1. For Leu306, indicate whether it is within 9 Å of the ligand (Cβ to nearest atom) and at pLDDT 90 or above.
2. In the range 154-179, what residues are surrounded by 12 or more Cβ atoms within 10 Å (Cβ to Cβ) and part of a helix (DSSP H, G or I)?
3. Of all residues in the range 182-194 being surrounded by 11 or more Cβ atoms within 10 Å (Cβ to Cβ) and of a type outside the set (A, V, I, L, M), which is nearest to Glu353 (Cα to Cα)?
4. Tell me whether the range 244-264 contains one or more residues that are farther than 16 Å from Glu308 by Cα, of a type outside the set (D, E, K, R), surrounded by 14 or more Cβ atoms within 10 Å (Cβ to Cβ) and more than 40 Å from the chain's Cα centre (by Cα).
5. For Val216, all conditions in the list (1) surrounded by fewer than 14 Cβ atoms within 10 Å (Cβ to Cβ); (2) touching a Ser or Thr at 6+ places or on another chain (Cβ under 8 Å) hold save one; what is the number of the exception?
6. Return the pairs, sorted by first residue and then second, in which the second residue is loosely packed, with under 11 Cβ neighbours inside 10 Å, the first residue lies in the range 134-155 and is closer than 23 Å to Ala6 by Cβ, the beta carbons are less than 7 Å apart, and the residues are 6+ apart or on different chains.
7. Residue check: is Val234 at pLDDT 85 or above, among the aliphatic types (A, V, I, L, M) and within 47 Å of the chain's Cα centre (by Cα)?
8. Answer yes if at least one residue in the range 389-396 is over 28 Å from Asp162 (Cβ atoms) and surrounded by 14 or more Cβ atoms within 10 Å (Cβ to Cβ), and no otherwise.
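The values are calculated or read from the model by the stated rules, or taken from the named source; none is laboratory data. Because the structure is a prediction, the values reported are computed rather than measured. Here the Cβ positions follow ideal geometry from the backbone for every residue, glycine too, while neighbour counts run over all protein chains shown.
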Amino acid sequence: MLGMIAILVLMVSGFFAFVVFPSASLSSETAVREYTRLLAANSPNLESARKISQVAHVEVRYEGPGEEWATSTALPSIEQVREGRMRTSLGRHFYLENAPNGGTYLVVWNFADQMHATHVRLLWMLLALIAFVVLTTYWIQKWHLRPVEALSAGMTRISGGDLDVTLPVLGQDELARLTTGFNYMVSRVKQMIVARDQLLLDVSHELRSPLTRMKVALSLLPTNAEKAGMNSDVNEMETMIAELLELERLRSPNGLRREKQDLVPILREVARSFEGRPPGVWVAANCKPVLVSLDGDKIRRLLRNLLENAFKYSFPDSLPIELSAQQADGTIVVRVRDDGAGIPGSQMSSIFEPFFRVDPSRSKKSGGYGLGLSICKRITEAHGGTIEAQNNHGRGASFIVTFQVT
Ligand code: ADP
């Protein structure tokens, strides 16, 4: 937009400088030269020259036998002009004319003064024109780019996880085709995600019975190292399936049993359950009760998952994990801050996806399936809240859960 304004101003200035100004100057110059000739032929005295000066916007000097006068003290002498010491400049012209009595008249025509008022008027008109052109162009451009604005808003919603986006298709041009393509793409992605979730749910359900049968069969085997290994594998599978089913259950809107309660005792209770594990955990909640309508069991699960991760990814020399709750501006912010490995910036937006692990080998060692944070996200969203992760300035990561006070 600024570039467009600059080009317009340059074009108009160029037009005035190279077309309007020279042609106006040329035609006026011929008229003034003729006027000077007439003036000299009439041999005016100082008084009549002053009158002429006021009416015609010219200054006159006369130097002749026995008489010398000038309508302005700022005029150069005739000799200076004759010797070429006073040069005609843009907007200031000098004309010399001999009078019949042997004297000489110098007429100075100040084109710039004369044109000043006209220029000021033109300038204002021009600025108004530029403003009109710029505003009209801006409005037309904005009107044409409505689909792009809608697409950008749609993208923002999708990147925030909202796939219920259908953009209105305006017109029939390329942008309309792009919008149609975008809507189709979103609906396909949504179908694929629904199909993936359904598949996970079905597989989890189907695996429960064979797993139970395996557990029964295992319990009948004699106790040995192999049985212990198989037991641990079966338990691992059972935990994963339980987490997957819980993830699906949390999707249902009636999955919560909410009641108004103080969040701080829940924080303390969950923190106590990790007592004795290095690097330790402390609750930094303010003393006032933080009342909020929530499902206590689900919030305990959420906090346990976040704390479990904070412990898992802490180093032996890490500072104790900090758990805090603060109420401000109609929201309650729960924060779990650790001094551990932190999260690579590029992975930050993916860690809440099911089965996502930053470093599969590291998580495998520490026993994670990449489901913990997706459960946290579902629990938070079921409460109408948001969850985000940030790396701390020094070391480690913070998970911030925000609930509205209802
Ligand atoms: P997992 O059960 O594998 O830990 P999560 O869903 O809980 O799965 O976490 C997903 C990934 O996010 C983890 O694999 C880990 O790389 C990363 N992550 C989660 N919490 C932390 C944390 N506090 N510090 C560093 N990385 C973390």
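1. yes
2. Answer for the range 154-179, where residues must be surrounded by 12 or more Cβ atoms within 10 Å (Cβ to Cβ) and part of a helix (DSSP H, G or I): Gly154, Met155, Arg157, Ile158, Leu175, Ala176, Arg177, Leu178, Thr179.
3. Lys190
4. Within the range 244-264 (the criterion being farther than 16 Å from Glu308 by Cα, of a type outside the set (D, E, K, R), surrounded by 14 or more Cβ atoms within 10 Å (Cβ to Cβ) and more than 40 Å from the chain's Cα centre (by Cα)), the answer is no, since none of the residues qualifies.
5. Every listed condition holds for Val216 apart from (2).
6. Going by the 7 Å Cβ cut-off, the qualifying pairs are Tyr138/Met1.
7. Values: at pLDDT 85 or above: yes; among the aliphatic types (A, V, I, L, M): yes; within 47 Å of the chain's Cα centre (by Cα): no.
For Val234, the condition - at pLDDT 85 or above, among the aliphatic types (A, V, I, L, M) and within 47 Å of the chain's Cα centre (by Cα) - is not met.
8. yes
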